[in-house]
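Working notes for the structure below.
Each value in this text was obtained by applying a stated rule to the coordinates, not by laboratory testing. Given the structure is predicted, the values throughout are model-derived calculations rather than measurements. Cβ sites come from the backbone with ideal geometry, for glycine too, and all protein chains shown count toward neighbours.
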């Protein structure tokens, strides 16, 4: 969590790690009760620090961001009825396949990463749990509900993977096909819309002032895009968190038949994008003999490298290709720990390039600038590597995190009159830019082609 001023300066920041429940693949769950405990602890530390510099009464708002496609099922009081099912849990793959078979070609297609599919899986496999479900939500929705004491609202970026069409404001026919009752679906609002105020209980547990406005958040991909500084059509954003998330700002919505989903940016532009299961969260630096902060610098000496790999945290990939059985692989010169780590960093840039190529194939116009968010954006080695592989200028703003994007959403209505473009312009500033190195671009092209061939041999297309 963080607190920021209208000109983008950080006043306080804190975080609390969470534990995972990764069962036998493809299971991935977390306990929402632990989320709230961590949120209370984290907010408490932030408000304590804030109180040293500003009165807490001056806080203008709070918004929450969370992973796209993760699912929380709650009872009538907002209590979770089971563990949350996270974005990369693949148990619903067969349900998604059958649903897509029943949908007309012009409709958006679904996969196991969608919250709608996860809800359908619970309905089919856990009838007792389903019988107690009165709210079908996403982590940001549920946490906002804990803050306000009112559950049942989502934003249109999170609701997209629940089957909501941000263009028409209607629910997809897919919702009816998988038999999700309409009365447990959330009310959908735009990111940045006011959804309530901090209630007495949340005030006691977090230290926030009772009555502090709570605004609708968005997925981590959307808040990453907002925090990145991108605000013009053609500008792209890559979020490098646990996974890789792509977004491109566009005046036009891509047809659903392309298989690429389109969020509606709060500015009114469209943001076609996608998310991978691969990403910095799957990096392994064991055996390097250096501190994690030094690992990228050591790897830089071996770049470009002929060693190839594809990183996944568990079985299955969703983009730039869809394959429920895809697994991590290493190939070529990766026996040396330094070479192997260099190959891992290089693979992230290759997956990112592949993703933008896929988006272009689907009709998105990707310009010459990529704005970067996520913790891995702090690595100058990875930033330069990506610029050369992508053959585009790569930028990093001062606070390139999804949490900062949520802060911009919270500031938008009370401080910028609801103008998200002005909020982004006022609160973000490019800190570093990296351009392609002509000496390495050609070599990266060659290795990228070998990487794609290695993936194709495994059926990853």
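Figures for the structure shown
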read-out: For the chain, projected area of the alpha-carbon convex hull averaged over all directions, nm²; value: 20.3
read-out: Projected-area mean, region 232-333, by convex hull of Cα positions, square nanometres; value: 8.7
read-out: Debye-sum result for region 337-461 in log10 I(q)/I(0), which assumes one identical scatterer on each alpha carbon, at q = 0.12, 0.19, 0.21 Å⁻¹; value: -0.56, -1.11, -1.24
read-out: Relative contact order (%) - criterion: Cα under 8 Å, at least six apart; region: region 2-222; value: 23
read-out: Fully extended contour minus Cα-Cα distance, from residue 458 to residue 294, at 0.36 nm per residue; value: 55.8 nm
read-out: Full-stretch length increase - residue 323, residue 336 - with 0.36 nm per residue and alpha-carbon distance subtracted; value: 1.8 nm
read-out: Fewest-first sequence of 357, 437 by Cβ atoms within 10 Å of each Cβ; value: 437, 357
read-out: Protection proxy ranking of 65-74, 306-315 - average other beta-carbon atoms within 10 Å, highest first; value: 65-74, 306-315
read-out: Considering only region 2-222, percent of DSSP beta bridges that pair antiparallel, nearest 5; value: 70
read-out: Where labels lie 7 Å past Cα in the beta-carbon direction, separation of residue 54 and residue 184 in nm; value: 4.0
read-out: Antiparallel DSSP beta bridges within the chain, as percent of all bridges there, nearest 5; value: 70
read-out: FRET E, pair residue 101, residue 34, Förster distance 51 Å, beta-carbon r, rounded to 0.05; value: 0.85
read-out: Estimated FRET transfer efficiency when R0 is 30 angstrom, pair residue 177-residue 76 (beta carbons, to 0.05); value: 0.70
read-out: FRET E, pair residue 252, residue 435, Förster distance 30 Å, beta-carbon r, rounded to 0.05; value: 0.55
read-out: With eigenvalues of the C-alpha gyration tensor scaled by 5 and rooted, region 2-222, Å; value: 32, 18, 15
read-out: Gyration tensor (alpha-carbon) shape descriptor, region 263-315, a/c threshold 1.5; value: prolate
read-out: Stretchable slack from residue 132 to residue 449, in nm (0.36 nm times residue separation minus alpha-carbon distance); value: 109.0 nm
read-out: Length-normalised contact order of the chain in % [C-alpha pairs under 8 Å, at least 6 apart]; value: 16
read-out: Estimated distance in nm for a label pair at residue 360 and residue 393, the labels positioned 7 Å out from Cα along Cα-to-Cβ; value: 1.8
read-out: Principal semi-axes in Å for region 271-384 [√(5λ), Cα gyration tensor, largest first]; value: 25, 17, 12
read-out: For region 239-279: rounded, prolate or oblate by the Cα gyration tensor [a/c cutoff 1.5]; value: oblate
read-out: Where Rh is the Kirkwood radius over Cα pairs, Rg/Rh for region 71-200; value: 0.96
